[in-house]
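Below is one structure, written out as structure tokens; the observations come after it.
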Amino acid sequence: MANTYHQMYIQVVFAVKYREALLHKDWRNEVLGVIGSLINESGCKTIIVNGIEDHVHCFFGLKPTVSISELMKNVKAKSSKYINDKKWLPQRFEWQEGYGSFSYSHSQINEVYKYIANQEEHHQEQSFKEEYLGMLETFEIPYDQRYIFEQPM
């Protein structure tokens with residue numbers, strides 16, 4: 001075939017280290033914009049990036065030559081550097097190691113978009129831990145409860 005055609009929609013979810021509520025509302029949207037720009041710079045296409053104080057959801061069209069693990073490594077490293085360079089927090093900011101990655105079909109784009117857009121309302125009724133474990137169970141991803149979230153030493 002002369003060209004490569006693809007349609008891969010991915011949602012990635014990752015948390016602030018120890019799930020601390022550090023993404024303050026007064027600068028959170030700026031960070032979410034940076035994350036979206038970093039995804040686009042990779043050749044992927046950001047659909048929506050949103051989150052609350054302790055975690056972020058990224059929904060994007062994946063370019064087939066891009067590795068999700070390399071993309072997330074880059075996004076998390078550069079966005080945490082951005083936060084630290086801005087000195088918005090008295091302590092060093094870090095994302096938790098790891099992430100959840102979930103694939104969707106074209107017919108699910110609007111549903112996933114609305115879900116991510118309404119994170120503030122959604123989390124008035126469900127914690128991030130409940131949400132994340134629910135996603136793992138819905139997608140039938142085996143996990144060990146001990147290794148879901150990093151705990152402070």
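Quick notes
- Accessible area in square angstrom per residue, the chain, 1.4 angstrom probe: 60 Å²
- Ranked packing of 33-45, 53-65, most packed first, by mean Cβ within 10 Å: 53-65, 33-45
- The calculated FRET efficiency for residue 120 paired with residue 5, based on their beta-carbon distance and R0 = 25 Å, is about 0.10.
- With the simple spin-label model, which puts each label point 7 Å out from Cα in the Cβ direction, the residue 81 to residue 67 separation comes to 1.8 nm.
- When each of the peptides 10-18, 135-143 is scored by how many other beta carbons lie within 10 Å of its residues on average, the order from highest to lowest is 10-18, 135-143.
- Among the protein heavy atoms of segment 92-153, carbon and sulfur supply 47% of the accessible surface, probe 1.4 Å, non-protein parts ignored.
- Loop trypsin sites (Lys or Arg not before Pro), segment 48-119, which have at most 14 other Cβ atoms in a 10 Å radius of their Cβ (DSSP): 87, 92
- Kirkwood-Stokes translational diffusion coefficient of the chain, alpha-carbon pairs, 37 °C, 0.692 mPa s, µm²/s: 203 µm²/s
- Per-residue ellipticity at 222 nm from helix content only, as computed over the chain with -39500 (n - 2.57) for each DSSP H run of at least four residues, stands at -12000 deg cm²/dmol.
The values are calculated or read from the model by the stated rules, or taken from the named source; none is laboratory data. These figures come from a predicted structure and were not determined experimentally. Positions of Cβ are backbone-derived with ideal geometry, glycine not excepted, and every protein chain shown enters the neighbour counts. Note: accessible area is taken over every heavy atom of the protein model, side chains too, but ligands, DNA and RNA are not part of it. Shrake-Rupley method; radii C 1.70, N 1.55, O 1.52, S 1.80 Å.
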